[in-house]
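Heads up: the structure comes next, in structure tokens.
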Amino acid sequence: MRIPYYQVDAFTAEIFRGNPAGVCVLERWLPDPILQKIAAENNLSETAFFARERDYFHLRWFTPVMEVDLCGHATMAPAFVLFSELGHEEASVRFHTRSGWLTATRQDEVIELDFPSRPPMPCVGPEQLFHGLGGEPLEVLKSRDYLAVFKSQAEVAALEPRMDLLARLDCLGIIATAPGNDSDFVSRFFAPKAGIPEDPATGSSHCTLIPFWAERLGKSEMFAKQISPRGGEMFCRDRGDRVGIGGRAVIYSRSEIEVPV
């Protein structure tokens, strides 16, 4: 079987920046072990698989080692492929996922994702978190991920985390965040347990970052940067129980995958 395959850099308008996602366009679903092998072979933080189901698309995401419940850049990537490559003419596209219904809406060059809000709650940070990050945050909160809040962008940029320690924590990932120098806030995201040491630009972490910073800054619209080596830019909206995560995307490659089925 030959599967149309695209690689998309999301949350950026420049090749070699943002977060690269693999996008596989399926006519029918393949066995889960095959999907996982494709994701491992791609060796990207996530590979997205989607197939049309009547007037919507069924979407799943795999890291090189596991399926995940929510992924932002690998939702933006298939939406971008549908809009720019596959002739989807409507302004929005609906995906059914493990996190329920998600919508991607095109607004000029920006695609905005409508995602669930995951506000963090204050917690006592485990010592392993502090040792793993290699820095002392001002406070620690938790939703799906630990959220470590630092005083400055420079502190977040200087972190040199120990992935072996972070991988043992009771969470999917760890978000480090602080006020930004030329943005409302910045972040980095580490998920070694999911096979992603540092994610370049993470949509799902902003489900927690947006409600947190909206309350702290007293504003519902914000501009955020993820200060990984590749970097990413997000246009953020707080909508109560939902968040809007906007960004640009660009095609890196178009090809086919051949799998024995």
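Each reported figure results from applying straightforward, stated rules to the coordinates on display, with no laboratory input. All figures in this text were calculated on a predicted structure; none of them were measured in a lab. Neighbour counts are summed over all protein chains in view; Cβ atoms, including those assigned to glycine, are modelled from backbone coordinates with ideal geometry.
Which GluC sites (Glu not before Pro) does region 19-79 hold that lie in a coil by DSSP with at most 14 other beta carbons within 10 Å? Please report the intermediate quantities before stating the final value.
Values: sites: Glu27, Glu41, Glu46, Glu53, Glu67; in loops: Glu27.
Loop-located and lightly packed - Glu27.
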Of Ser117, Ser99, Ser228, the most mobile residue in a GNM of the chain (C-alpha springs, cutoff 10 Å) is Ser99
Neighbour count of at most 13 Cβ within 10 Å plus DSSP loop: longest chymotrypsin sites (Phe, Trp or Tyr not before Pro)-free window in the chain:
30-261
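For Ala91, what is the net charge nearby, where nearby means another residue's Cβ is under 12 Å from its Cβ and Lys, Arg count +1, Asp, Glu -1? Write out the running numbers ahead of the final one.
Numbers: positive: Arg94, Arg106; negative: Glu89, Glu90, Asp108, Glu112.
Summing Lys and Arg as +1 and Asp and Glu as -1 gives -2.
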Return the distance in nm (one decimal) between the two label points of a simple spin-label model at Glu221 and Thr105, each offset 7 Å from Cα along Cα→Cβ.
1.3 nm
Pick out which of Cys171, Cys236, Cys71 has the largest mean-square fluctuation in a Gaussian network model of the chain, springs linking Cα atoms closer than 10 Å.
Cys171
Cα atoms only, region 55-194: Rg and Dmax in Å?
17.3, 51
Fluctuation leader among Ala148, Ala91, Ala13 - the chain, Gaussian network, Cα springs under 10 angstrom
Ala91
With a 10 Å Cβ neighbour count serving as the proxy for reagent exposure, in which order, fewest first, do Ile38, Ile251 appear?
Ile251, Ile38
Before anything else, pin down the relative contact order of the chain: Cα pairs under 8 Å, at least 6 apart, normalised by residue count, whole percent.
24 percent
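Counting only helical runs of four or more DSSP H residues, what would the 222 nm mean residue ellipticity of the chain come to if each run contributes -39,500 (n - 2.57) and the total is spread over all its residues?
Values: 6 runs with 52 residues, N = 261.
After summing the helix terms and dividing by the residues of the chain, the value is -5500 deg cm²/dmol.
Direction-averaged shadow area of the convex hull around the Cα atoms of region 162-261, nm²? Can you show the working numbers first?
Numbers: hull surface 37.6 nm².
Its Cα hull, projected and averaged over all orientations, spans 9.4 nm².
Tell me the net charge near Val250. Cut-off is 15 Å between Cβ atoms, Val250 excluded, with +1 for each Lys or Arg and -1 for each Asp or Glu.
Numbers: positive: Arg17, Arg106, Arg230, Arg248, Arg254; negative: Asp9, Glu14, Glu85, Asp108, Glu109, Glu233.
Around Val250, the charge tally is -1.
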log10 I(q)/I(0) for region 132-215, Debye formula on C-alpha points only (no solvent), q = 0.16 Å⁻¹, two decimals, reads -0.53
